[in-house]
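Structure first, commentary second.
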Amino acid sequence: VGSEMCIETVAERASTLTGTERTILQYYMDGYTVKDIPELACISASTVKTHNRNLYRKLDVDSFDELKVYIELFASCGRSSELLNK
């Protein structure tokens, strides 16, 4: 029950992401790394860092590794689309 509540909370928090933050999250969900994002999104590495800070704050995660755990958890439950509000 605890993990279910956690998933619900993260999914609810994901609803606050901007379009660009969702795009970056989608790249991570597709297996790309932080180093891949500037070229994929046509933005600077500094801008990626800013978006990552916002993603971490909004989803209440402390690191990229923690974000990946949530991405994998949602995927294993067949609920990835909830992170992107689709």
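Residues that are in contact with a helix residue (DSSP H, G or I) (Cβ under 7 Å, 6 or more places away or on another chain), outside any helix (DSSP H, G or I) and not β-branched (Val, Ile, Thr) within region 31-61 comprise 32, 44, 60, listed in sequence order. Taking region 59-69 as the range and being open to solvent by 40 Å² or more (accessible area, probe 1.4 Å) and at negative phi as the test, the residues that pass are 62, 63, 64, 65, 66, 68, 69.
The values are calculated or read from the model by the stated rules, or taken from the named source; none is laboratory data. Just so it is clear, the structure is predicted and the values come from calculations on it, not from any experiment. Reconstructed Cβ throughout: ideal geometry from the backbone, glycine too, with neighbour counts over all protein chains shown. Ligands, DNA and RNA are excluded from the accessible area calculation, which covers all protein heavy atoms including side chains. Shrake-Rupley method; radii C 1.70, N 1.55, O 1.52, S 1.80 Å.
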